[in-house]
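Here the structure comes first, spelled out in structure tokens, and everything after it is commentary.
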Amino acid sequence: MIFDLQLVREVAQRLLGASRVSIVVHKSPDGDAIGSASAFKGMLSKLGISSTILVPDVMPDFLKWLPGAEGILVYDEQPDACGYQIRQSDIIVCLDFNDLSRIEKLGHFVGDAGAYKVMIDHHQEPAQFANAMFSVTKANSTAVLVYEFFKTAGWLQHLDKEIAAGLYCGIMTDTGSFKYSGVTSETHRIIAELLETGLDHTAIHRDIYDTNTENRIRLNGYAISEKLRVFPDYKAAYIFLTEQELERFNYQKGDTEGLVNQALSLAEVELAAFFSQKDKRIKMSFRSKGNLAVNRIAKEYFNGGGHINASGGIMEGSMEEALAKFETLLPIWVKEKV
Ligand code: 5GP
Ligand code: MN
């Protein structure tokens, strides 16, 4: 058992007695964030507990099929309703993030709230804001930790194919469809149990990966053919897209997801980055192979963080400045293998 039984019991008791429960996930929510939240909400619902999922900003369309997604409160769209919900909650469950800065303005409400706060997360260096912390950095996804929470709480008897779909979505998306090194035999045992609920895993893969728009694949094609730069000496590559380029292809949230992995898929490349511009800020994604720690790159130089092989950051300034900074630092990173 990876979690402290007493702590899980305490949280379970508090949830069972709560009158208002909020489930919060990070900005730019991904499959693990929304999948975990969907599963958590589904399980609570089975136990007779109603809950509301909150996200800082709008979620990508390819996750909207998840059970419970239709009722999600988006802070950017309904700030007052979100503020009210958080203030009135007696429990706030924070999934797939470990620092209030990852939920932007919602972070102030959660930080100030008198609610009992629970964190279930797998990122490095958790901040201390939760009353109950379930932080396991070697876990391949938050979804496996949500599964472990259910198991420890004795709730798995309620697992059904809707709850299983959220967990499957979280594990699948955060493990690159079960290929990353964090996948273990235990991961596959969990997946087996999820499949036994009658879950339609083929439909999940299709709903997530085969829902491209024409604009999206054309944007990706353009990015790879025109906006990829490779640095063989440093085993590095990046792709960059300006705001105008994104607009030209009618960019929708999620459209550039996975582009950074295209750069990393080059045989000789060990460090890949993706830069995109919005207003006067440059958002970055970093990926690496092996032991090159891109979370340190993101944290030390680009106000971000993440995992050893997948991280992100942000910088105020122009695209040229961001690219120049990245290129200047390449020789250092490669020499030190950060
Ligand atoms: P992505 O490149 O998919 O946006 O992010 C990859 C991973 O990097 C995320 O799962 C998250 O852990 C981390 N990450 C991305 N952006 C940020 C950021 O601005 N701050 C921190 N601390 N982590 C980030
Ligand atoms: Mn995750």
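Rule-based calculations on the coordinates, nothing more; no lab input. As the structure is a prediction and not an experimental result, all values here were calculated from the model. Neighbour counts run over all protein chains shown; Cβ positions are idealised from the backbone, glycine included.
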Original post:
Dipole of the chain, Cα-centred, from +1 at each Lys and Arg C-beta and -1 at each Asp and Glu C-beta, to the nearest 20 debye?
Top reply: 420
Original post:
Which of K105/K280; K117/K278; K117/K283; K27/K280 have a Cα-Cα distance over 21 Å?
Top reply: K117/K278; K117/K283
**OP:** Kindly state, to the nearest 0.05, the FRET efficiency for S265 paired with E104, given R0 = 25 Å and r defined as their beta-carbon distance.
**Re:** 0.20
Subject >> Reach of K335 by Cα under 19 Å, taken over lysines that are not fewer than 8 positions away in the same chain >> reply: K235, K289, K299, K325
Original post:
What order do you get for 79-87, 114-122 when each peptide is scored by the mean count of other beta carbon atoms within 10 Å, highest first?
Top reply: 114-122, 79-87
**OP:** Filter the GluC sites (Glu not before Pro) in the stretch 181-241 to those in DSSP coil with at most 13 other Cβ atoms within 10 Å of their Cβ, and list the result.
**Re:** E196
Original post:
Helix 31-46 sits at what angle to the longest principal axis of the chain, using alpha carbons and giving 0 to 90 degrees rounded to 10?
Top reply: 10
Original post:
Tell me, what is the FRET efficiency for L329 and K253 to the nearest 0.05, using R0 = 25 angstrom and their Cβ-Cβ distance as r?
Top reply: 0.30
Original post:
So between T213 and K138, what do we pick up on full extension, going 0.36 nm a residue minus the alpha carbon distance?
Top reply: 23.5 nm
Original post:
So for the stretch 1-124, what are the equivalent ellipsoid semi-axes in whole Å, largest first, each being the square root of 5 times an eigenvalue of the Cα gyration tensor?
Top reply: 20, 16, 15
Original post:
To the nearest 10 degrees, how steep is helix 161-174 against the longest Cα principal axis of the chain, on a 0 to 90 scale?
Top reply: 30
**OP:** Can you tell me which of 163-173, 320-330, 66-76 comes out highest on packing, and rank the rest after it, using the mean Cβ neighbours within 10 Å?
**Re:** 163-173, 66-76, 320-330
**OP:** Mind listing the long-range amide H neighbours of Q124? Cut-off is under 5 Å, sequence gap 5 or more, other chains count too, H placed in the peptide plane at 1.01 Å from N.
**Re:** G306
Original post:
Under the Kirkwood approximation for Rh and a Cα-based Rg, what ratio Rg/Rh is obtained for the stretch 151-302?
Top reply: 1.04
Original post:
By how many degrees, 0 to 90 and rounded to 10, does the Cα axis of helix 319-336 deviate from the longest principal axis of the chain?
Top reply: 90
**OP:** Express the C-alpha Rg of the chain as a ratio against the empirical globular expectation 2.2 N^0.38 Å, rounded to two decimals.
**Re:** 0.99
